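Okay, so here's the structure we're looking at.
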Amino acid sequence: LAFLQSPEFLLIWAVYACTYIAANVVSTTCKRLAVDDAIPKFSVVLSVNIYASLIKDAAFAKLFGDAGGSMMIPIVTYTLWFIRDACAILTSFNAPAKVARFLVRNRVCK
């Protein structure tokens with residue numbers, strides 16, 4: 001029970017909660033407006049996830065980092081993190097619906 005109340009757990013849980021809430025809000029809004037949700041979902045969820053992750057990482061740095069100095073993070077590291085997050089968002093939130101439609105259309109699944 002103590003672990004579930006720890007700052008580490010709560011910070012990670014908050015990132016996931018924000019990400020899934022954003023995905024559900026975009027999906028619901030696009031469905032009500034009768035528009036395709038692929039691009040809005042990708043861009044909004046990616047933005048929310050990156051912002052929440054940066055807040056989490058800053059908090060982790062304060063919790064676990066060396067208070068004596070700050071280390072510069074190379075831009076290539078941020079680029080790789082962005083690519084990783086973009087791939088995760090695409091495969092987690094965008095691809096399943098597209099793959100499911102493809103499988104049904106090609107009679108692989110009902």
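When you go through 63, 33 one by one, which is the residue that is modelled with pLDDT under 95 and either of a type in the set (Val, Ile, Thr) or on the phi < 0 side of the Ramachandran plot (or both)?
Only one candidate qualifies: 63.
Could we say that residue 108 is part of a helix (DSSP H, G or I) and β-branched (Val, Ile, Thr) here?
no
Answer yes if at least one residue in the range 51-58 is at pLDDT 95 or above and among the hydrophobic types (A, V, I, L, M, F, W, C), and no otherwise.
yes
Let's see how each residue does on (1) touching a Pro at 6+ places or on another chain (Cβ under 9 Å); (2) in contact (Cβ under 8 Å) with a residue 40 or more places away in the chain; (3) open to solvent by 100 Å² or more (accessible area, probe 1.4 Å); (4) part of a helix (DSSP H, G or I):
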residue	(1), (2), (3), (4)
15	no, yes, no, yes
23	no, yes, no, yes
35	no, no, no, no
42	no, yes, no, yes
61	no, no, no, yes
66	no, no, yes, no
72	no, no, yes, no
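Determine which single condition residue 27 fails, assuming it passes every other condition in (1) in contact with a Lys or Arg (Cβ under 8 Å, 6 or more places away or on another chain); (2) among the hydroxyl-bearing types (Ser, Thr, Tyr); (3) surrounded by fewer than 14 Cβ atoms within 10 Å (Cβ to Cβ).
Going through (1) in contact with a Lys or Arg (Cβ under 8 Å, 6 or more places away or on another chain); (2) among the hydroxyl-bearing types (Ser, Thr, Tyr); (3) surrounded by fewer than 14 Cβ atoms within 10 Å (Cβ to Cβ) one by one, residue 27 breaks only (3).
Does residue 79 satisfy being farther than 25 Å from residue 3 by Cα, open to solvent by less than 100 Å² (accessible area, probe 1.4 Å) and β-branched (Val, Ile, Thr)?
yes
Show the residue pairs that are 6+ apart or on different chains and have beta-carbon atoms under 6 Å apart, the first residue being within the range 1-13 and closer than 15 Å to residue 53 by Cβ, the second being assigned to a helix (DSSP H, G or I) and among the small types (Gly, Ala, Ser).
11/59
Do the conditions hold for residue 95, that is, is it under 16 Å from residue 15 (Cα atoms) and at pLDDT 90 or above?
Spelling it out, it is not the case that residue 95 is under 16 Å from residue 15 (Cα atoms) and at pLDDT 90 or above.
The values are calculated or read from the model by the stated rules, or taken from the named source; none is laboratory data. If you're wondering where the values come from, they're calculated on a predicted model, not measured in any experiment. Because the Cβ atoms are built from the backbone with ideal geometry, glycine has one as well, and the counts that use them run over all protein chains shown. With ligands, DNA and RNA removed, areas are computed over all heavy atoms of the protein, side chains included. Shrake-Rupley method; radii C 1.70, N 1.55, O 1.52, S 1.80 Å.
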